[in-house]
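Colleague: Questions regarding the structure given below will be posed in turn.
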Amino acid sequence: MRKGSTNQSSNGYKIIVVDDEIGIIDSLSIFLKRSGYEFVGVTDPLEAIERVKNEHFDLMLLDFIMTPIHGDKVVEEIRKFNKELYILLLTGHKDLVPPLETIKRLDIQGYCEKSDKFDQLLLLIESGIKAIAQMNLIKNIHSELKDTYEKLEQSYMESIQTLRYTVEAKDTYTRGHSDRVSEYSVLIGKHLGLCSDDLKALQIGGLFHDVGKIGVPDSILLKTDKLTDNEYSEIKNHPTIGSHILSTASIFHNIIPIVKHHHERYDGNGYPSKLKGLDIPYFARITAVADTFDAMTSRRTYRNALPVDTVIAEIQRCKGTQFDPDVADVFLDILNNHYSEIEEIQERYN
């Protein structure tokens, strides 16, 4: 429990809610305190900025349409002195959500339409708190070991493994998947002639690319039936959650582009940022091919592994749309002419 908390049932996390409607503040106060959170409600957005400047909060729920300034301006001011606060935007209607470019620029972690029922909001809050907990763990490790390079290197690997095992405990598919994606990415990198430092980034990025699933509710992550649109939207948050978890430790900065952008598409129709072509980080373009290959060649609850010929045809078909054509060509050459290297990887995880 954090110092200063007087609520014996508090889970130790402090949430500030900013909304100029006192009725919303009162409703969320009851709901969040009942859920174990320490609660502060503010109706004046300018006061909220000062509170955040002078007090610690783990998460902010922020109304978008307010006076005298809207929520995006509140975030813009807060980001000048606080880059870490986890912010969820509340909107009266989905059509009132600020543009995607604004959400990305201000590093707003998510938004939720206001409703009399708080189930969806609670899911977003719980996902945020899980991400914050892991981010704090990484910050503590980084702070304790930053003065000793050798220990920092060791801590780097141990931290990765610890968080990866946490995800794997939730999602058994991720267990072998992350290992194989890591090795397939390195294999592609070798055939591209990349240096050892680049190969190491691909290795670690592959192991860690799905760490953001720690913030996806188990009810969605483990669901065997078809996901609803809302549930699929939750799944699509995992790259952003993963990159946020890693963002406070400089030792992870070289793999953040892989974690955040491995689901972008070369034609710009991927997520979370809809990056296109060469705007997608190079290592993320490599990992995207490795990730998709393993997904197609792995047995899932809803289908068997696809035959290699089918996979080759699919990668060929998706060159220039889903995949970087140059990376895809290199991997197709591996599949067609060096398949024994793929088999060696698969045998290690069978």
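The values are calculated or read from the model by the stated rules, or taken from the named source; none is laboratory data. In this text the structure is predicted, and so the values were computed from the model without any measurement. As a convention, Cβ positions derive from the backbone with ideal geometry for all residues, glycine included, and neighbour counts pool all protein chains shown. Heads up: the accessible areas ignore ligands, DNA and RNA and are worked out on the full protein's heavy atoms, side chains in. Shrake-Rupley method; radii C 1.70, N 1.55, O 1.52, S 1.80 Å.
Colleague: Quick one: in the range 217-234, which of the residues that are over 20 Å from Leu163 (Cα atoms) and β-branched (Val, Ile, Thr) is surrounded by the most Cβ atoms within 10 Å (Cβ to Cβ)? Can you show your working first?
Modeller: Taking the range 217-234 first, the residues over 20 Å from Leu163 (Cα atoms) are 223-233.
With β-branched (Val, Ile, Thr) added as a condition, the list becomes 224, 228.
Working: Thr224: 7, Thr228: 11.
Top of the filtered list is Thr228.
Colleague: Give the range 256-278 a look and list any residue that's basic (Lys, Arg) and either open to solvent by less than 50 Å² (accessible area, probe 1.4 Å) or not in a loop (DSSP other than H, G, I, E, B) (or both), or say none.
Modeller: The answer is Lys260, and nothing else.
Colleague: Picking from Asp294, Asp329, which residue would you name as being under 21 Å from the mean Cα position of the chain (by Cα) and assigned to a helix (DSSP H, G or I)?
Modeller: Criteria check complete, one pass: Asp294.
Colleague: Does the range 315-326 contain at least one residue that is in a loop (DSSP other than H, G, I, E, B), open to solvent by less than 50 Å² (accessible area, probe 1.4 Å), of a type in the set (Gly, Ala, Ser) and under 20 Å from Asn237 (Cα atoms)?
Modeller: Among the residues of the range 315-326, not one is in a loop (DSSP other than H, G, I, E, B), open to solvent by less than 50 Å² (accessible area, probe 1.4 Å), of a type in the set (Gly, Ala, Ser) and under 20 Å from Asn237 (Cα atoms), which makes the answer no.
Colleague: What pairs can you find where one residue is in the range 216-227 and closer than 21 Å to Ile245 by Cα, the other is in a loop (DSSP other than H, G, I, E, B) and at pLDDT below 80, and their Cβ atoms are less than 8 Å apart, with a gap of 6+ or different chains?
Modeller: From the range 216-227, the pairs are Leu221/Asp171.
Colleague: Here's something else I'd like to know. Answer yes or no: is there a residue in the range 17-37 that is under 22 Å from the mean Cα position of the chain (by Cα), of a type outside the set (S, T, N, Q) and either modelled with pLDDT under 90 or not in a loop (DSSP other than H, G, I, E, B) (or both). Spell out the reasoning first.
Modeller: Our first condition is that a residue be under 22 Å from the mean Cα position of the chain (by Cα); within the range 17-37, this holds for none.
Taking every residue of the range 17-37 in turn, none turns out to be under 22 Å from the mean Cα position of the chain (by Cα), of a type outside the set (S, T, N, Q) and either modelled with pLDDT under 90 or not in a loop (DSSP other than H, G, I, E, B) (or both).
Colleague: Okay, next question. When residues of the range 67-80 are filtered for being open to solvent by 10 Å² or more (accessible area, probe 1.4 Å) and over 23 Å from the mean Cα position of the chain (by Cα), how many remain?
Modeller: Taking the range 67-80 and keeping what is open to solvent by 10 Å² or more (accessible area, probe 1.4 Å), we get 67-70, 72-73, 76-77, 79-80.
In the following step, the residues that additionally are over 23 Å from the mean Cα position of the chain (by Cα) were identified as 67-70, 73, 77.
Result for the range 67-80: 6.
Colleague: I'm trying to understand the selection: among the residues of the range 104-129, which are part of a helix (DSSP H, G or I) and open to solvent by less than 60 Å² (accessible area, probe 1.4 Å)? Reasoning before the result, please.
Modeller: Let us first name the residues in the range 104-129 that are part of a helix (DSSP H, G or I), namely 104-105, 119-129.
Residues satisfying the conditions are Leu121, Leu122, Leu123, Leu124, Ile125, Ser127, Gly128, Ile129.
Colleague: Moving on. Of Ile188, Ile132, which residue is within 15 Å of Ala284 (Cα to Cα) and at pLDDT 90 or above?
Modeller: When all the criteria are applied, what remains is Ile188.
Colleague: Looking at Leu202, is it under 30 Å from Tyr339 (Cβ atoms), open to solvent by 10 Å² or more (accessible area, probe 1.4 Å) and touching a Ser or Thr at 6+ places or on another chain (Cβ under 7 Å)?
Modeller: When the stated conditions are applied, Leu202 does not pass them.
Colleague: Let me ask something additional. Looking only at the range 280-309, count how many residues are farther than 26 Å from Gly193 by Cβ, in contact (Cβ under 8 Å) with a residue 12 or more places away in the chain and open to solvent by 30 Å² or more (accessible area, probe 1.4 Å).
Modeller: Total satisfying the criteria: 3.
Colleague: Among the residues of the range 60-81 satisfying the criterion of being touching a Phe, Trp or Tyr at 6+ places or on another chain (Cβ under 9 Å) and in a loop (DSSP other than H, G, I, E, B), which is farthest from Met135 (Cα to Cα)?
Modeller: Filtering the range 60-81 for residues that are touching a Phe, Trp or Tyr at 6+ places or on another chain (Cβ under 9 Å) and in a loop (DSSP other than H, G, I, E, B), the one farthest from Met135 (Cα to Cα) comes out as His70.
Colleague: Quick check: anything in the range 235-244 touching a Ser or Thr at 6+ places or on another chain (Cβ under 6 Å), open to solvent by 10 Å² or more (accessible area, probe 1.4 Å) and at pLDDT below 95?
Modeller: No, the range 235-244 contains no residue that is touching a Ser or Thr at 6+ places or on another chain (Cβ under 6 Å), open to solvent by 10 Å² or more (accessible area, probe 1.4 Å) and at pLDDT below 95.
Colleague: Something else now. For the range 245-260, enumerate the residues that are modelled with pLDDT of 90 or more and of a type in the set (A, V, I, L, M, F, W, C). First the steps, then the outcome.
Modeller: Initially, the range 245-260 is screened for residues modelled with pLDDT of 90 or more, giving 254-260.
Matches in the range 245-260: Ile255, Ile256, Ile258, Val259.
Colleague: Looking at (1) assigned to a helix (DSSP H, G or I); (2) surrounded by 15 or more Cβ atoms within 10 Å (Cβ to Cβ); (3) within 26 Å of the chain's Cα centre (by Cα), which one does Ile342 not meet, given that it meets all the others?
Modeller: (3)
Colleague: Now for a separate question. Looking at Ile24, Ile30, Ile49, which is the one that is touching a residue at least 60 places away in the same chain (Cβ under 8 Å) and of a type outside the set (D, E, K, R)?
Modeller: When all the criteria are applied, what remains is Ile24.
Colleague: Here's another thing I want to ask about it. So Met157 passes all but one of these: (1) modelled with pLDDT under 75; (2) not in a helix (DSSP H, G or I). Which condition number does it fail?
Modeller: Only one criterion in (1) modelled with pLDDT under 75; (2) not in a helix (DSSP H, G or I) is unmet by Met157, namely (2).
Colleague: Let me ask you something else. May I ask you to verify whether Ser273 is polar (S, T, N, Q) and touching a residue at least 12 places away in the same chain (Cβ under 8 Å)?
Modeller: On the way: polar (S, T, N, Q): yes; touching a residue at least 12 places away in the same chain (Cβ under 8 Å): yes.
Spelling it out, Ser273 is indeed polar (S, T, N, Q) and touching a residue at least 12 places away in the same chain (Cβ under 8 Å).
Colleague: Within 25 Å of Asp119 (Cα to Cα) and surrounded by 22 or more Cβ atoms within 10 Å (Cβ to Cβ), is that true of Ile214?
Modeller: Considered against the rule, which asks whether it is within 25 Å of Asp119 (Cα to Cα) and surrounded by 22 or more Cβ atoms within 10 Å (Cβ to Cβ), Ile214 comes out as yes.
Colleague: All but one of (1) basic (Lys, Arg); (2) assigned to a loop (DSSP other than H, G, I, E, B); (3) at pLDDT below 95 hold for Lys213; state the number of the condition that does not hold.
Modeller: Failed condition: (2).
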